[in-house]
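The structure appears below as structure tokens.
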Amino acid sequence: MHEFSIATALLELVKQHAPAGTTVRKVVMEAGPLQSVDPQAMEWAWQAVSEGTMYAGAELEVRVLPWRLRCRDCGREHVADDMLSPCPCGCQVCHPTGGDELRLVSLTVDEP
Amino acid sequence: MQQVQVIENVLKMNDEIAAMNRRALREAGIAAVNIIGAPGCGKTLLLEETLKRLAGVLRCGVIVGDLATQRDADRMAPYCRQVIQINTGKGCHLEANHVHQALARMDLRDMDVLFIENVGNLICPVGFDLGQDAKVGIFSVSGGDDKAGKHPFIIREADLLLVTKTDLLPYIPFDWNLFSEDVQRLNPQAQIMRVSAKSGEGMDAWIEWVVQRRQTGAARRP
């Protein structure tokens, strides 16, 4: 349940980046597949940590990024939902590149 | 309605504290090893045996994280003067701030290697930088040969992978090809060692790795 720790850190970042006097309506974050972030658990954690703050009620959108896989043989990259996805060239061994992203992407706010 | 673009690492605060830990540890010439593995994979027994073997060779410190109890600290205290137990309560992993607070209670001048035994969990601890020099992923023979592929993050992040409890191999089937193919796919640079803290198999190579780590760390000292 690392989603709770991530949500706590996310709330701090939202506080830093929300323009003064605005109401935050939506928070968008993205998570690479290595982070094993469950969007549903993340949304519940966000609701729990934001409750009682001025960010309560803000919607959280979690975008889980696909795997980016580089083929061992031909070196081409492809994206896939499955880590074990073979390369279009037929090679069965592809190495993930990146995948550890965990980023606050944007905020949608109501202007005062 | 207005959209504010941000693009910032969610764990920025943790990473900043981890950077402070890393700086303090490097200035003191300490190699810090973050040990990550599932509950019951043999982290604590490995550390007990490691501390015994390093006595008189390197001055060790241990920070050990568990949800509850002092049991692990009690087990290691006979072999190490500086052992700090952290109880995380509901927390499923150690964060940089836990280590920061523990370091404040330790004498860094009297330490060559710091072992950080993370909370038993192969998932959550991986994403939280603690300020370590190296991450070591622990898998056990009894945990199963399919676990590397099921836990890609630790395999990607680990500098070294230890497969423990090799003394159980006569009783438990373990397909080394499957395990190492998964590791190769995810992290071709990762080194795999087979160890048994009970029989002593592979312990010399592990100890040598720790000693080497400390030497390269000392060479990096500012």
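Observations, loosely collected:
- Being surrounded by fewer than 21 Cβ atoms within 10 Å (Cβ to Cβ), of a type outside the set (D, E, K, R) and within 12 Å of chain B (Cβ to nearest Cβ) is a description that applies to A:Ala18.
- Residue that is farthest from B:Ala55 (Cα to Cα) [pool: residues in segment B:89-138 that are out of contact with any helix residue (DSSP H, G or I) (no Cβ under 8 Å at 6 or more places or on another chain) and aliphatic (A, V, I, L, M)]: B:Ala104
- Every pair of residues 6+ apart whose Cβ atoms lie under 7 Å, when the first sits in segment A:28-42 and is at negative phi while the second is small (Gly, Ala, Ser) and surrounded by 21 or more Cβ atoms within 10 Å (Cβ to Cβ): A:Gln35/B:Gly127; A:Val37/A:Ala31; A:Met42/A:Ala7
- Filter pass, A:Ala20 being in a helix (DSSP H, G or I) and small (Gly, Ala, Ser): no
- Restricting attention to segment B:122-146, the residues that are within 14 Å of chain A (Cβ to nearest Cβ) and not in a loop (DSSP other than H, G, I, E, B) total 6.
- Among the residues listed as B:Thr88, B:Thr50, the single one being under 28 Å from B:Ala148 (Cα atoms), of a type in the set (Ser, Thr, Tyr) and away from chain A (no Cβ under 14 Å): B:Thr50
- Residue in segment B:181-195 that is in contact (Cβ under 8 Å) with a residue 60 or more places away in the chain, away from chain A (no Cβ under 13 Å) and surrounded by 19 or more Cβ atoms within 10 Å (Cβ to Cβ) present: yes
All of the numbers you see were taken from the coordinates with simple rules; none came from a lab. Keep in mind the model is a prediction, meaning the values are calculated, not measured. Because the Cβ atoms are built from the backbone with ideal geometry, glycine has one as well, and the counts that use them run over all protein chains shown.
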